[in-house]
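Written below as structure tokens is the structure these notes are about.
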Amino acid sequence: MKITNKFLLLTIPLILLYNNVTVAAENNCHSYDTLLPRGPETPSVSSACDTVFPEWGGLRKEMADRGFYANFQLLTNLTYDISRSWKNTPNPNYMGQRLTTGNIAATELTYDLSRIGFTDKAQLRLGLTYAYNNFKNNGQDGHPFVSAFSINQPLLNDRVILNYGYTTLLSHFYGLFLGSSTASSALGPTSVMLSQAGLTISKPSPSIDIRFLSENKRWYDHIGVARSQSSEGLKVDSKYNTYGLRWKLPSAGTLVINELGYRVNANETENMIWLRGGSVFNKTPYFNYNNSEYEDYTYSHYIAATHQITKPDTSMPFRGWYIDGKANYAPKDRNLFNADISLSLFSIGPFDSRPNDMVTFGLAYNKFSDDAKNYFARNGQLAESYSATASVAYSYRVYNGIYWTNSLSYTHHPSVTPKEDDAYNLLTQITFSL
């Protein structure tokens, strides 16, 4: 059994070939932002301006005039445990134990559905992705797939937000990423427990989620229903759902998630704060480590809080230091990961001269199930009781739409079983948003 350190990171140097974005383009590109993909808590890009070619030679304006928007993202990364001798481990038990390479090419297309009779601001979102990683357990198997095919539909003066179709539901809840976009985030330690509970994160499943907002748009109740990820793990789920549009899967039932929260985005007078808590109930068979039989459901609970504690520049209110804490729980008789807690301190724009960079310091503790440990012992395998990770990461904005992120993490007990030496994972990643 394995544990994966999920940090979005870090890279290989690249030469910029183009530098022809005009001042006029920079001033106009924000007009496309109303068409950016909606649904996930953290978008792939924060603005059309933060892409290498904001205007696409005039094509973006022509598309926007017809209600369309598109962006492309290219990502490549390397991960390696620098405490190990340089050798090719045939069957790695954690990411980085063998030199791990990952490559993603993704595109998102949106269309303003209000132009064809839907309610105001209704949006169609289509995502296509190719992903390959030589650490097989994360489900990136080298097949192109549909990563999103859904409709986002605000109703009742944006007091109700309806989203339905094929989505990766975990990206719509909880808040996996700490920054304003997945491209620019220096990701700290993240929990695997909501993925363990069945929320899809790699390939999508049919789902519907609905968010009810208070009159001031700060309080919310967010409910989702979806086909679960396979309880056999990401690798098996990806194999079953090769191209992303599978309606049913073996070992995957229906799950329900409900998240209650309070959120205020940063502005000139207020610091950002986001408090939330939620529960998942999944009607999917999960292996019980005590009786070696399958139970017909599992569940999980979480709480999380993110708060901006400084704001050095009111003209860029998102800048400053933030603190983020999360805790998760799942029953130990049918889950490998029983509980975890993480704490991150991060800064967006840590230097006046680098307002779009990001630095993150993280600590995480993962409790492995005692029931699972005893099960492994009965079957002649030694297992750990917990893992602990400390990390530091920096995301450097090289140019519009280009981020180079580097991270170093230390993990005590990087694998549940077999027992492994401590890991010092260096991750480097470069992301292009076009």
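Can you tell me which residue in region 22-72 is modelled with the lowest pLDDT, limited to those that are open to solvent by 40 Å² or more (accessible area, probe 1.4 Å), among the β-branched types (Val, Ile, Thr) and over 19 Å from residue 150 (Cβ atoms)? So, considering only residues that are open to solvent by 40 Å² or more (accessible area, probe 1.4 Å), among the β-branched types (Val, Ile, Thr) and over 19 Å from residue 150 (Cβ atoms), the one modelled with the lowest pLDDT is 23.
Taking the criterion of being basic (Lys, Arg) and assigned to a strand (DSSP E or B), the only residue of region 314-335 that qualifies is 326.
Does residue 279 qualify as being among the small types (Gly, Ala, Ser) and either buried (at least 18 other Cβ atoms within 10 Å of the Cβ) or at positive phi (or both)? Spelling it out, it is not the case that residue 279 is among the small types (Gly, Ala, Ser) and either buried (at least 18 other Cβ atoms within 10 Å of the Cβ) or at positive phi (or both). Determine which member of the set 123, 140 is under 27 Å from residue 214 (Cβ atoms) and in contact with a helix residue (DSSP H, G or I) (Cβ under 8 Å, 6 or more places away or on another chain). Testing whether each residue is under 27 Å from residue 214 (Cβ atoms) and in contact with a helix residue (DSSP H, G or I) (Cβ under 8 Å, 6 or more places away or on another chain) leaves just 123.
Restricting attention to region 107-115, does a residue exist that is more than 17 Å from residue 32 (Cα to Cα) and either without any contact (Cβ under 8 Å) to a residue 40 or more places away in the chain or in a strand (DSSP E or B) (or both)?
So in region 107-115, the residues more than 17 Å from residue 32 (Cα to Cα) come out as none.
No, region 107-115 has no match at all.
Listed by position, the strands (runs of 3 or more DSSP E) contained in region 116-172 that have at least 2 residues being open to solvent by 50 Å² or more (accessible area, probe 1.4 Å) and either free of Cβ contacts under 8 Å to residues at least 40 places away in the same chain or out of contact with any strand residue (DSSP E or B) (no Cβ under 9 Å at 6 or more places or on another chain) (or both) are 123-133.
Out of all the residues in region 291-313, is one or more modelled with pLDDT of 95 or more, at negative phi, open to solvent by less than 30 Å² (accessible area, probe 1.4 Å) and assigned to a loop (DSSP other than H, G, I, E, B)? Checked against the condition, which is being modelled with pLDDT of 95 or more, at negative phi, open to solvent by less than 30 Å² (accessible area, probe 1.4 Å) and assigned to a loop (DSSP other than H, G, I, E, B), region 291-313 yields no hits at all.
Picking from 259, 215, 232, 268, which residue would you name as being within 20 Å of residue 139 (Cβ to Cβ) and of a type in the set (Asp, Glu)?
On the way: 259 fails: within 20 Å of residue 139 (Cβ to Cβ); 215 fails: within 20 Å of residue 139 (Cβ to Cβ); 268 fails: within 20 Å of residue 139 (Cβ to Cβ).
After ruling out the rest, the residue left standing is 232.
How many of the residues in region 289-298 are under 28 Å from the mean Cα position of the chain (by Cα) and either more than 15 Å from residue 229 (Cβ to Cβ) or polar (S, T, N, Q) (or both)? First the steps, then the outcome.
Taking region 289-298 first, the residues under 28 Å from the mean Cα position of the chain (by Cα) are 296-298.
Checking which are either more than 15 Å from residue 229 (Cβ to Cβ) or polar (S, T, N, Q) (or both) leaves us with 296, 298.
Residues flagged as under 28 Å from the mean Cα position of the chain (by Cα) and either more than 15 Å from residue 229 (Cβ to Cβ) or polar (S, T, N, Q) (or both) within region 289-298 amount to 2.
Is it the case that residue 189 is closer than 25 Å to residue 409 by Cβ and crowded, with 18+ Cβ neighbours inside 10 Å? It is true that residue 189 is closer than 25 Å to residue 409 by Cβ and crowded, with 18+ Cβ neighbours inside 10 Å. Among the residues of region 200-231, those identified as touching a residue at least 12 places away in the same chain (Cβ under 8 Å), outside any strand (DSSP E or B), of a type outside the set (Gly, Ala, Ser) and open to solvent by 10 Å² or more (accessible area, probe 1.4 Å) are 201, 215, 217, 218.
Hey, any hits in region 357-366 for a residue that's in contact with a Lys or Arg (Cβ under 6 Å, 6 or more places away or on another chain), within 30 Å of residue 48 (Cβ to Cβ) and in a loop (DSSP other than H, G, I, E, B)? I'd like the intermediate steps shown before the answer.
Initially, region 357-366 is screened for residues in contact with a Lys or Arg (Cβ under 6 Å, 6 or more places away or on another chain), giving 357.
Subsequent filtering for residues that are within 30 Å of residue 48 (Cβ to Cβ) retains 357.
With in a loop (DSSP other than H, G, I, E, B) added as a condition, the list becomes 357.
Within region 357-366, one or more residues are in contact with a Lys or Arg (Cβ under 6 Å, 6 or more places away or on another chain), within 30 Å of residue 48 (Cβ to Cβ) and in a loop (DSSP other than H, G, I, E, B).
The values are calculated or read from the model by the stated rules, or taken from the named source; none is laboratory data. The structure presented is a predicted model; accordingly, all values stated were derived computationally and were not measured. Virtual Cβ from ideal backbone geometry, glycine too; neighbours counted across all protein chains shown. These area figures cover heavy atoms from the full protein model, side chains too; ligands, DNA and RNA do not enter into them. Shrake-Rupley method; radii C 1.70, N 1.55, O 1.52, S 1.80 Å.
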